[in-house]
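Here's the structure, in structure tokens; my notes come after.
The values are calculated or read from the model by the stated rules, or taken from the named source; none is laboratory data. Computed from a prediction, not measured in an experiment: that's the story for all the values here. With ideal geometry, Cβ positions are generated from the backbone for all residues, glycine too; neighbour counts draw on all protein chains shown. With ligands, DNA and RNA removed, areas are computed over all heavy atoms of the protein, side chains included. Shrake-Rupley method; radii C 1.70, N 1.55, O 1.52, S 1.80 Å.
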Amino acid sequence: MRSTILDIAREAGVSPATVDRVLNNRPGVKLRTKQVVLAAAQKLDYSAETEGGTVALNPTRIKLHFALPAGANAFISTFRRQIEILASARPELDVSVLMIEGFSPDSLARTLRELEGRTDGVGVIALDHPTVREAIRSLAASGVKVATVVSDISHVPRIAYVGIDNRAAGRLAGYLLSRFIGARPHAKVALLAGSLSYRGHEEREMGFRHILAEEFPYIEIVEIREMLDDQERAYSEASALLEKHPDLAAIYNVGAGSMGIARALKMRNLQSSIVFVGHDATEDTKSLLLDGTMDAVIDQNPRVEARESLNILAHAVLGTPYEGHPPRLQVIFKENIPEV
């Protein structure tokens, strides 16, 4: 016998009216309920003509958006590529990546507000700024699931943070750098950051400062400069730093811009005498490890972060539980550079 709406309702555990709304694509039904009803209809081999034509029994795709900072940051480019590769293998997901001017909280807040009613979930690398926090609160209040990615943001109704422990990463950087320097009295080190408006960068700085104060008090932090993840600005800031502190022992780069810093070191033939530690195993930083300009890179595995972001958002939209697997910190040296 041919299946009916009542059969689908019994199989899905919902009312016939709900089944009717789903089959006729009417509003007012949660995405998870749509998924259940359509799956039941497929299982029962249901087919019928409705107000809108032939019933489409393919489950509704989950619409996700990612808001990432634009610019020349190689890690962000890799992370975006991993999102697109992984999403392409998941037909149930409809994923879009939006690139936004990286250091403009107003641009980011405006983009997030524009996504209200257009998406099911958003992953965002966000500046920790009042306008951004309000935009996230508004987006979440509209029913959109929001996850912070790579860099967390405080006091917002996010469903999860997907990324490394940035404070621990800063402590690890301080430990590595201090061991490379050795017991040199009155050693001077400098920090360069993309922007301390990113909580992740601020937390790395905090972790770095704390471990030096606790375990290596003979090391002095003489400068911290922001580069806005721009290679030319990184070069000019590093150049000014090296001119001001000719006895500098080490540089810790909290964010992107390592190629600019490396160029400043090489121009002065200091690439072998100044310890240089940074983040993210990109093609650029791998080349600097190979030629000896960088001593160590702390990697956060953008593929894992992309995978976990997609999984956490999709499960949150569907209302199903998910046990996440957060990315782990890995220290990369010249001798253990990963293949991909």
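Put simply, of Arg179, Arg167, Arg118, Arg113 the only residue that is of a type outside the set (S, T, N, Q), part of a helix (DSSP H, G or I) and loosely packed, with under 15 Cβ neighbours inside 10 Å is Arg179.
Only residues that are closer than 21 Å to Gly200 by Cα and of a type in the set (Gly, Ala, Ser) were counted across segment 272-286, and they come to 2. Considering segment 307-340, the residues that are closer than 22 Å to Leu288 by Cβ, in contact with a strand residue (DSSP E or B) (Cβ under 8 Å, 6 or more places away or on another chain) and of a type in the set (A, V, I, L, M, F, W, C) include one that is least open to solvent (accessible area, probe 1.4 Å), namely Ile332.
The set of residues in segment 126-162 that are touching a Pro at 6+ places or on another chain (Cβ under 8 Å), in a loop (DSSP other than H, G, I, E, B) and open to solvent by less than 10 Å² (accessible area, probe 1.4 Å) contains only Leu127. Could you grab me the full set of residues in segment 87-105 that are buried (at least 18 other Cβ atoms within 10 Å of the Cβ) and either more than 17 Å from Arg133 (Cα to Cα) or outside the structural domain of Ala135 (by the TED database) (or both)? If the condition is that a residue be buried (at least 18 other Cβ atoms within 10 Å of the Cβ) and either more than 17 Å from Arg133 (Cα to Cα) or outside the structural domain of Ala135 (by the TED database) (or both), then Ala87, Leu93, Val95 are the ones that fit.
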